[in-house]
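My structure is below; once you've seen it, I'll send some questions.
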Amino acid sequence: MDRTERFYKIDQMIHERRVVSFADLMAALEVSRATLKRDLEYMRNRLNAPIIWDRDGGGYRFEAPHAESGGQYELPGLWFNSGEVHALLTMQHLLTDLDPGGILTPHIQPLIARLNSLLGSAENAAEEIRRRVLIVGLGKRDLKLTHFEKVGSALLRRKRLAITYFARGSGETTEREVSPQRLVYYRENWYLDAWCHLRNDIRNFALDSIRQADVIEKKAREVSHRSLDEVLGAGYGIFSGRKLQHARLRFTPKRARWVAQETWHPKQKGSFDADGSWLLEFPYADHRELIMDILKFGADVEVLSPPDLRSRVADEAARMTQMYAAAPETAKPRKRRAPGSPSAN
């Protein structure tokens with residue numbers, strides 16, 4: 001532990017414990033009596049730390065009020081140890097890669113430079129982390145930085161937005177005025193929960209489907225978090241609604257080894273059957289996204305209820321089978337492992 005790190009440790013211990021004995025400081029810092037005395041004197045005389053010996057308490061504490069210490073007390077600069085710097089750089093890398101379009105990268109670059117400088121000789125730390133930490137994002141959709149910035153500005157300033165929105169489901173483009181309520185990052189993409197003044201109701205908008213966005217200097221309508229959760233947060237996935245149903249799925253024992261560790265919904269209930277199958281139950285309001293997630297498990301999952309969901313999944317599976325059977329032989333995928341690719345157990 002170097003000298004600067006010891007200063008921060010002393011400061012932290014006194015703030016947390018109020019009074020800290022000399023012996024406890026020595027043990028925590030792993031230094032000699034002489035070194036600890038020099039550190040305390042330096043903090044008092046050079047950094048204006050209002051540290052005093054409390055005879056009754058049997059330890060060191062901060063004097064109150066601090067104004068009597070003869071100057072402002074401030075520890076030197078931004079400081080982290082090497083482990084913390086590496087952790088921060090790794091988190092920055094994760095944030096940048098999880099962020100479609102690198103929206104936050106321009107704002108984070110000064111922090112990266114500062115963190116790299118703190119590592120001293122390790123000038124290539126950020127580049128090394130990029131080589132060593134791989135993030136594979138699936139389903140990302142590009143969005144415009146200017147749109148994200150305007151949405152974020154209106155959201156935090158509590159202003160309304162005028163947006164041109166393309167709805168992929170219907171293929172229609174509409175002009176809307178919305179009151180932003182919260183941003184949601186879900187499955188590699190950004191969404192905006194808002195009050196839609198056109199529909200006079202709570203709606204969810206994919207940011208990448210916004211074709212134009214402008215902040216309106218008009219106060220946003222406030223919607224309670226409870227109302228947002230009732231409409232958008234209670235059901236399964238991003239396709240939510242007020243009318244909830246409960247899905248019950250059964251996964252084969254083989255697939256249960258994975259699914260039992262997955263979170264499909266915050267309010268899900270799961271249990272193992274006698275044969276090792278995994279029974280999963282959770283609320284949902286819209287079947288579209290749920291059907292996609294069910295079908296990817298093929299014959300390893302069975303929809304037990306409700307009957308409507310079971311019927312829809314069966315119909316979609318049959319339609320996929322018919323399409324596959326009708327496809328030319330050359331268009332059908334061949335199950336062959338690429339040379340040199342590893343196999344997974």
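Just so it is clear, none of the values below were taken in a lab; they were calculated from the coordinates. None of these values were measured; they are calculated from a predicted model. Positions of Cβ are backbone-derived with ideal geometry, glycine not excepted, and every protein chain shown enters the neighbour counts.
Efficiency by 1/(1 + (r/R0)^6): what FRET value for residue 15 and residue 325, r their Cβ-Cβ distance, R0 = 51 Å, to the nearest 0.05?
The computed FRET efficiency comes out at 0.15.
Order by neighbour count: 156, 290, fewest other Cβ atoms within 10 Å first, most last.
Final ranking by Cβ density, sparse to dense: 156, 290.
Measuring from label point to label point, each 7 Å out along Cα→Cβ, what is the residue 149 to residue 289 span in nm?
2.9
Right, next: Using r as the Cβ-Cβ distance of residue 5 and residue 187, and R0 as 41 Å, what FRET efficiency do you calculate, to the nearest 0.05?
Computed FRET efficiency for residue 5 and residue 187: 0.50.
Spelling out what I want: for every residue of the stretch 31-37, take phi, set θ = phi - 60°, compute 6.51 cos²θ - 1.76 cosθ + 1.60 (Karplus), and round to whole Hz; glycine and proline get x.
Result, ordered by residue: 10, 7, 4, 5, 5, 5, 4 Hz.
Within the stretch 245-313, list the trypsin sites (Lys or Arg not before Pro) lying in a DSSP loop whose Cβ has at most 16 other Cβ atoms in a 10 Å radius.
267, 296
Continuing with the same structure: In which sequence would 219, 159 go, from the one with the fewest C-beta neighbours within 10 Å to the one with the most?
219, 159
For the stretch 245-326, give the magnitude of the charge dipole about the Cα centre (Cβ charges: +1 Lys/Arg, -1 Asp/Glu; no others), in debye to the nearest 20.
In debye, rounded to 20, the stretch 245-326 gives about 100.
Taking the Cα-to-Cβ direction at residue 308 and at residue 34 and moving 7 Å from each Cα, how far apart do the two end points lie in nm?
It is 8.2 nm.
Check which residues have an amide H placed less than 5 Å from residue 182's amide H, if you skip close sequence neighbours.
Correct list: 193.
Which entries of 254/296; 150/218; 269/296; 140/269 have Cα-Cα distances beyond 25 Å here?
Beyond 25 Å: 140/269.
If you count, for each residue, the other Cβ atoms within 10 Å and average over each peptide, how do 202-212, 222-232 line up from highest to lowest?
Details: 202-212: 18.8, 222-232: 14.5.
Final packing ranking: 202-212, 222-232.
A further question follows. How high is the FRET efficiency between residue 53 and residue 84 when r is their beta carbon distance and R₀ equals 41 Å, given to the nearest 0.05?
0.85
Another question, then. Taking 0.36 nm per residue of separation and subtracting the Cα-Cα distance, what length does fully extending residue 41 through residue 316 add?
That pair, residue 41 and residue 316, stretches by 91.4 nm at full extension.
Moving to a separate point now. For the stretch 161-204, what relative contact order do you get, as a whole percent, if you take Cα pairs closer than 8 Å and at least 6 residues apart?
28
With label points built 7 Å along Cα→Cβ from the Cα atoms of residue 173 and residue 271, find their separation and express it in nm.
Result for the modelled spin labels: 5.3 nm.
Cut-off is 10 Å between beta-carbons; in what order do 56, 193, 24, 39 appear when sorted fewest neighbours first?
Ordered from fewest to most neighbouring Cβ atoms within 10 Å, 56, 193, 24, 39 come out as 56, 24, 39, 193.
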